[in-house]
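Only one structure is covered here, and it is reproduced in the block below.
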Amino acid sequence: MLYVVATPIGNLNDITFRAVEILKEVDFIVCEDTRITSRLLQKLGIKKELLTLNARNEESRIKLILNKILSGHKCALVSDAGTPCISDPGVRLINASHKNNITVSSVPGPNAAIAALSIAGIPTDSFLFEGFLPQKKGRQKLLKELSLTDKTIILYESTYRIEKLLNELNEFMQDRFVVICRELTKMYEEIVRGYPPELVKGLADMNLKGEFVVCIAPVSWQQL
Ligand code: SAM
């Protein structure tokens, strides 16, 4: 059995009852970074064997994890924050588990993209989740393509590139209403809404620290 367990994106109280139950029940936990998951488990009073899974060790780790599960050990997959496999590692492990007839079960919970969309106040009936844009190659081409999409677009961005992203939105998507969600569920949670020209003008006064989800309204939707 492989459980895919969502963990908080900031506020520890967002862990679900079921997530705690499953993390207590499993024999081992697969995580991105043992330091981060140990901290979470310590706060929950849980002690478990941890195995890392990341881009560097994926190939060999998947074999080891599958062998453990196939020999009867229950496993939970978590990421550093939010829902595993959403801009986080795990997809190859889950695919391999299905191929080996291992039951994969969802323990849903926090996800930054959906949390942001739910408070953005822009259309939610159809949206495109792009996650992180490529840092260099293909970034501008993708932004141009996205500018033509008449759907809400959801992007993840880090503190290091948020200013660059807002300048790019001002270049490629001037007419699209943008909602910037910063530090969701944390002490300094903040929402800033506006069209790119006004957002760029306000950059000097904006707090650019922390984690960001940027929601971009469809071309055809105008904030009155
Ligand atoms: N798997 C995670 C999820 O379910 O949302 C996303 C992991 S991805 C590596 C991390 C990115 O998600 C951050 O750079 C940021 O863009 C977004 N993010 C995560 N937590 C956030 C938060 N509390 N507030 C705003 N954005 C957040």
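Any read-out appearing in this document is the output of simple, stated calculations on the displayed coordinates, not a laboratory observation. All values derive from a computational prediction rather than experimental measurement. As a convention, Cβ positions derive from the backbone with ideal geometry for all residues, glycine included, and neighbour counts pool all protein chains shown.
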Can you find, among Leu142, Ala55, Ala113, the residue sitting farthest towards the positive end of the charge dipole of the chain, where Lys and Arg contribute +1 and Asp and Glu -1 at Cβ? Ala55
Among DSSP bridges having both ends in the chain, what percentage is antiparallel? Round to the nearest 5. 45
Using amide H atoms built 1.01 Å from N in the peptide plane, name the residues 5+ places from Thr152, or on other chains, whose amide H lies under 5 Å from its own. Ser126, Leu128
Please give the charge dipole size of the range 112-216, origin at the Cα centre, charges +1 on K and R Cβ atoms and -1 on D and E Cβ atoms. Round to the nearest 20 debye. 380
Suppose we look only past 21 Å in the calculated P(r) of the range 112-216. What percent of the Cα-Cα pairs does that tail hold? 26
Classified through the alpha carbon gyration tensor (a ≥ b ≥ c as square roots of its eigenvalues; rounded if a/c is under 1.5, else prolate when a/b is larger than b/c, else oblate), the range 2-107 comes out prolate
Under 10 °C and 1.306 mPa s, how fast does the chain diffuse according to Stokes-Einstein, given a Kirkwood radius computed over C-alpha pairs? Answer in µm²/s, whole number. 84
Once every DSSP H run of n ≥ 4 in the chain is given -39500 (n - 2.57) and the sum is divided by its residues, what mean residue ellipticity at 222 nm do you get, rounded to the nearest 500 deg cm²/dmol? -10000 deg cm²/dmol
Given Cβ charges of +1 for Lys and Arg and -1 for Asp and Glu, the option among Ile65, Val5, Ala81 whose Cα lies farthest towards the positive end of the dipole of the chain is Ile65
For Lys137, list the lysines whose Cα falls under 17 Å from its own Cα; do not include residues on the same chain fewer than 8 positions away. Lys164
